[in-house]
Amino acid sequence: MCGIVGYVGFRPAPEFLIDGLRRLEYRGYDSAGIAVQHCDEIGIRKRAGRVEELAKLVEANPVEGSVGIGHTRWATHGETTDINSHPHVGGNGEVVIVHNGVIENYVKLREQLQTLGYVFRTTTDSEIIAHMICHYWLEQIKLGEDPESHETCLKAIQLSVARFKGTYGVVAIFRDIPDVIFAARMGSPLVIGIGKIRNEHFIASDASPFVGYTNEVVYINDHEIAVITADRMDLHHQESGKTTPSIHTLDQVSSDIDLGDFEHYMLKEIFEQPEAIENCLRGRIDEESATARFGGLNLTPRELRQIDRIIFTACGTSWHAGLVGEYLFEEFARIPTEVEYASELRYRNPPMSEDTMVFAITQSGETADTLAAMRECKRKGHKSMAICNVVGSTIAREADGGIYLHAGPEIGVASTKAFTSQVTALTLLALYFGRIRDLSYPAGKRIIKMLRAMPELIQQTLACNDHVRDVAERYFGFNNYLYMGRLYNFPVALEGALKLKEISYIHAEGYPAAEMKHGPIALVDEQTPSVFVVPHGGIYPKVMSNLEEVKARRGPVIAIACEGDHRISDLADEVIFVPDVEEFLQPLVTSIPLQLLSYHVAVLRGCNVDRPRNLAKSVTVE
Ligand code: AGP
């Protein structure tokens with residue numbers, strides 16, 4: 001997803017902007033650019049390609065100044081070209097902007113601006129923002145407003161954004177008004193960093209560019225516009241006028257975003273899972289009452305007992321975690337539970353009882369579809385909770401309550417530690433909801449005992465890494481895979497297939513294993529490996545039968561099985577063993593070799609593991 005960064009203060013802006021864009025690379029992008037203001041000139045350097053190439057462009061053709069904005073573009077409208085890269089220029093250079101989001105009515109607005117004489121240079125939707133702000137600024141001046149007043153600029157932006165349909169996080173600078181940055185937000189996140197040593201302010205799509213500069217931030221909300229100089233920051237709401245900013249203190253430290261000794265963030269985050277699960281469990285186990293405890297549900301047990309249906313809504317990997325959650329809640333809380341794709345739920349309008357509670361499951365807390373689905377349910381009066389990894393993110397702030405994963409920043413686009421942390425949080429939630437209903441004390445104690453052992457068991461599972469790399473070396477050349485699992489391991493099969501798809505670009509499909517007979521088995525041949533997630537459990541024999549059906553058709557089989565399983569090696573071509581744990585905890589170990597398999601296959605295929613093509617870490621557009 002696009003990344004925005006901005007600076008106003010005493011430092012050389014280009015260095016901060018380029019470094020900030022490097023820290024936002026994980027969001028996914030295809031071009032980058034900066035605009036720096038010096039006296040009454042704005043220098044722009046932008047191009048398609050990586051931030052490194054932009055840095056070389058700036059080195060070869062420097063810009064100077066201590067006010068500037070920067071952008072990494074994830075193309076939505078308009079191809080990936082130098083001219084379509086941000087920043088965009090309004091009018092004859094009076095206004096320069098960067099934008100994250102989609103202006104849905106841009107075609108009509110573009111036509112209107114063209115009839116007013118504005119000349120468009122790009123094929124993007126974002127360019128209309130620059131011209132629209134310029135137009136209203138010039139109109140204000142014609143009405144006698146002071147061209148150099150911040151109020152005049154603010155009014156021009158207010159009039160402009162009132163015309164937009166869709167989403168925007170837009171940051172603007174004015175050529176003739178030095179030392180001030182303006183920012184407006186509707187749907188696409190923007191956060192302001194407050195300088196701690198001297199007068200300076202930062203702005204970005206998320207707080208990662210601020211690490212090492214400040215940990216005090218202000219989140220811009222929808223309908224708000226910020227006016228930011230080196231020594232002050234004012235927030236204005238479209239309807240209610242000037243608002244008092246609320247300052248949050250971040251608890252992340254810079255070491256979290258260092259790569260350490262790992263070659264890729266994805267591998268680092270796979271190996272951080274024991275610690276991430278430990279952090280997710282910390283302080284949330286109530287041994288005495290054999291239950292879990294949370295500080296942020298903001299509902300009493302009596303209110304929670306009224307809940308007669310649960311809906312998990314999410315996208316991608318988080319949806320897979322929600323499917324595990326569905327099984328956990330049905331088993332332990334005995335509450336009717338469904339997981340819904342957020343992009344569907346936001347428009348589907350399913351019948352929901354008054355006491356249906358909605359959980360938005362999201363690593364980033366900014367996924368547009370998940371945010372919209374949660375808002376739609378809140379609009380109807382349903383209690384909404386967020387299971388989220390990013391403190392202060394939009395979904396976390398708008399939910400009625402929720403649970404933070406405490407997994408630390410997940411930089412790799414492919415979600416790994418967030419998935420297992422989400423599953424851990426959902427297990428704790430199912431325990432909690434079960435224990436305020438019919439789950440017995442002994443049952444609660446058993447669950448807690450097994451949960452406490454998971455960080456160590458995940459650590460043990462990671463020992464399969466070398467073996468998985470060997471398997472990947474034998475299988476990275478195949479171009480189609482099937483992933484099979486049942487019950488708690490069906491979501492794991494889906495997640496394993498997604499991991500392989502998204503970072504190695506190999507076609508992979510996940511199915512409930514018994515579904516093989518209803519179509520997918522037609523795909524089985526010697527060129528199509530099937531990955532079976534087949535740990536011990538009540539239906540182990542059934543899954544083994546499905547596996548044999550594949551072998552009977554000479555399909556190669558890679559099996560994820562339990563240590564101590566002596567049958568599997570006679571059948572499968574490859575076996576990766578994991579610790580033998582209770583079925584409801586199996587996703588926490590069986591997903592690990594699948595993460596590693598996708599990682600090693602992608603590396604062997606020369607793919608960009610941390611920033612796979614076409615993908616973004618946080619999809620903040622529909
Ligand atoms: C998972 O590896 C992908 N990066 C993607 O499916 C992701 O899970 C999805 O976009 C949801 O993101 P969120 O958890 O931040 O809402």
Legend entry - Under-5 Å amide H pairs with Val339, H placed in peptide plane, nonlocal only: Phe312
Inset, instruction - Please work out the C-alpha center-to-center distance from the range 1-59 to the range 418-475 and express it in whole Å. - result: 41
Legend entry - Convex hull of Cα atoms in the range 429-579, direction-averaged projection (nm²): 10.3
Legend entry - P(r) tail fraction, the chain - alpha-carbon pairs more than 33 Å apart, %: 48
Inset, instruction - Given the peptides 478-487, 565-574, 456-465, arrange them by the average over their residues of other C-beta atoms within 10 Å, most packed first. - result: 478-487, 456-465, 565-574
Inset, instruction - Report, in debye and to the nearest 20, how large the dipole of the range 544-611 comes out about its Cα centre when Lys and Arg carry +1 and Asp and Glu carry -1 on their Cβ. - result: 460
Inset, instruction - Measure nothing fancy, just the Cα-based angle from helix 587-604's long axis to the longest principal axis of the chain, in degrees from 0 to 90, nearest 10. - result: 60
Legend entry - Helix axis angle, 316-328 relative to the chain longest principal axis, alpha carbon, degrees: 40
Inset, instruction - Compute the distance in nm between two label points, each set 7 Å from the Cα along the Cα-to-Cβ direction, one at Asn480 and one at Arg309. - result: 3.9
Legend entry - Protection proxy ranking, peptides 180-189, 434-443, 339-348, average beta carbon neighbours within 10 Å, highest first: 180-189, 339-348, 434-443
Inset, instruction - Could you pull the Cα extents of the range 163-302 along its three principal axes, largest to smallest, in whole Å? - result: 62, 49, 34
Legend entry - Cα convex hull volume per residue for the range 162-246 (Å³): 101
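At 0.36 nm per residue, minus the direct Cα-Cα distance, what do His77 and Gln527 gain on full extension? Give it in nm, one decimal, please.
This chain segment gains 158.2 nm when fully extended.
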Legend entry - For the range 385-469: rounded, prolate or oblate by the Cα gyration tensor [a/c cutoff 1.5]: oblate
Inset, instruction - Report the local net charge at Glu583: Lys and Arg +1, Asp and Glu -1, summed over other residues whose C-beta lies under 12 Å from its C-beta. - result: -2
Legend entry - Table column - 3J(HN,Hα) (Hz), the range 96-113, Karplus curve with 6.51, -1.76, 1.60, x for Gly and Pro: 10, 9, 10, 9, 10, x, 9, 8, 5, 9, 5, 5, 5, 5, 4, 4, 4, 5
Inset, instruction - Please state, rounded to one decimal and in Å, the Kirkwood hydrodynamic radius that the range 1-80 gives when every pair of distinct Cα atoms enters the mean of 1/r. - result: 12.4
Inset, instruction - For the range 419-431, take each phi angle, set θ = phi - 60°, evaluate the Karplus expression 6.51 cos²θ - 1.76 cosθ + 1.60, and give the result in whole Hz per residue in order, putting x for glycine and proline. - result: 4, 5, 5, 4, 5, 5, 4, 5, 5, 4, 5, 5, 4
Legend entry - In range of the label at His248: residues from the range 256-298 whose backbone nitrogen is under 19 Å from the point 7 Å along Cα→Cβ: 256-257, 280, 295-298
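Which order do peptides 230-240, 597-607 fall in by mean Cβ count within 10 Å, highest first?
The peptides rank, most packed first, as 597-607, 230-240.
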Inset, instruction - Could you work out how far helix 489-504 tilts from the main Cα principal axis of the chain, as a 0 to 90 degree angle to the nearest 10? - result: 50
Legend entry - Cut-off 19 Å, label 7 Å out along Cα→Cβ of Ala453, residues of the range 534-567 by amide N: 535-538, 561-566
Inset, instruction - With runs of 4+ DSSP H residues as the only contributors, calculate the mean residue ellipticity of the chain at 222 nm using -39,500 (n - 2.57) per run, divided by the residue total and rounded to the nearest 500. - result: -10500 deg cm²/dmol
Legend entry - Nitroxide proxy distance, nm - points 7 Å out along Cα→Cβ at Glu145 and Asp438: 6.4
Inset, instruction - Take the Cα atoms of the range 546-622, build their convex hull, and give its volume per residue in Å³. - result: 171
Inset, instruction - State the dimensionless ratio Rg/Rh of the range 509-594 (Rg: radius of gyration of Cα atoms; Rh: Kirkwood radius). - result: 0.94
Inset, instruction - Name the residues whose placed amide hydrogens come within less than 5 Å of the amide hydrogen of Val531, ignoring near sequence neighbours (fewer than 5 apart) on the same chain. - result: Leu482, Tyr483, Met484, Ile558
Inset, instruction - Considering Cα pairs under 8 angstrom that are at least six residues apart, work out the relative contact order of the chain and quote it in whole percent. - result: 12
Inset, instruction - Quick one: which residues, 5+ away or cross-chain, put their amide H under 5 Å from the amide H of Ala386? H built at 1.01 Å from N. - result: Ala360, Gly401, Gly402, Ile403
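Since every read-out is calculated from the coordinates, none of them should be taken as a lab result. Small disclaimer: the values here were computed from a predicted structure and weren't measured. When we count neighbours, we look across all protein chains shown, and the Cβ atoms used for this are built from the backbone with ideal geometry, even at glycine.
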